[in-house]
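Heads up, the thing below is written out as structure tokens.
The values are calculated or read from the model by the stated rules, or taken from the named source; none is laboratory data. Quantities reported herein were computed from a predicted structural model and do not represent experimental measurements. All Cβ positions, glycine included, derive from the backbone under ideal geometry; neighbour counts span all protein chains shown.
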Amino acid sequence: MASFLVSAGCSLLGIRTAEEPEYTVLMAEGNMELRQYPGLVVARTFMRGTYEETANNSFRVLAGYIFGKNKATDDEGPQASTKIPMTAPVLQEKTDEGWQMSFVMPSEKRLDSLPEPLDDRVNLADLPGFRIAAIRYTGFTSEQKINAKAQELEAWLGAKGIKTAGKPISARYDPPWTLPFLRRNEVLIVTEDD
């Protein structure tokens with residue numbers, strides 16, 4: 001109980017304890033960066049609806065997976081469920097029919113070492129390394145905020161002659177009870193390699 005209270009208190013004050021994927025900063029200007037990420041393993045789910053409608057339900061589905069709604073296997077057959085540590089950020093990307101949310105798996109995890117999801121709405125994927133542009137902001141996140149920040153980021157990339165190669169992705173680093181002015185949020189856009 002004490003560790004939960006410490007963790008919640010740190011989150012409230014914007015002190016992050018969850019693992020984040022490592023990356024290399026290739027260019028930085030103000031609240032914008034161009035980064036190179038290594039390959040990542042993610043657990044993801046898709047839901048139809050608006051950003052606001054899908055955010056909580058998608059989070060619950062993926063949280064269920066990492067908190068034990070899964071089945072590990074080894075050479076001896078099925079094993080008990082496994083808990084996987086929460087990481088940051090939580091990613092959400094708009095599709096034609098809804099939103100896809102992804103949890104990045106801890107760095108020591110590989111696709112073949114992850115337990116099998118028991119919820120068929122969860123799928124696991126191995127993403128190759130990629131280059132991404134990011135714009136950081138605080139406060140609340142909404143679809144309108146994502147679109148506005150994406151426009152700022154695209155203008156910056158355009159001025160640098162950097163072409164985009166994907167749709168905007170919302171990245172949230174803090175739990176919802178974190179004070180808004182201490183939250184770290186980003187909009188990410190995959191870019192073409194040189």
Scanning region 168-184 for residues that are in contact (Cβ under 8 Å) with a residue 24 or more places away in the chain and out of contact with any strand residue (DSSP E or B) (no Cβ under 6 Å at 6 or more places or on another chain) gives Y173, D174, P175, W177, T178, L179, P180, F181, L182, R183, R184
T82 passes all but one of the listed conditions (1) surrounded by 13 or more Cβ atoms within 10 Å (Cβ to Cβ); (2) at pLDDT 95 or above; the exception is number (2)
Taking region 1-21 and the residues there that are in contact with a strand residue (DSSP E or B) (Cβ under 8 Å, 6 or more places away or on another chain) and not in a strand (DSSP E or B), the one that is modelled with the lowest pLDDT would be A18
Restricting attention to region 24-62, the residues that are part of a helix (DSSP H, G or I) and in the same structural domain as E186 (by TED's automatic domain parsing) number exactly 0
Out of (1) in contact with a helix residue (DSSP H, G or I) (Cβ under 8 Å, 6 or more places away or on another chain); (2) within 22 Å of P176 (Cα to Cα); (3) not charged (D, E, K, R), the one P106 does not meet is (1)
Inside region 92-116, the number of residues satisfying the requirement of being touching a Leu at 6+ places or on another chain (Cβ under 7 Å) and surrounded by 14 or more Cβ atoms within 10 Å (Cβ to Cβ) is 6
In region 158-194, residues that are among the polar types (S, T, N, Q) and within 14 Å of the chain's Cα centre (by Cα) total 2
Checklist entry - Does A63 satisfy being closer than 24 Å to V187 by Cα, out of contact with any Cys (no Cβ under 6 Å at 6 or more places or on another chain) and free of Cβ contacts under 8 Å to residues at least 60 places away in the same chain? => result yes
How many residues of region 128-142 are loosely packed, with under 15 Cβ neighbours inside 10 Å and not hydroxyl-bearing (S, T, Y)? The answer is 4
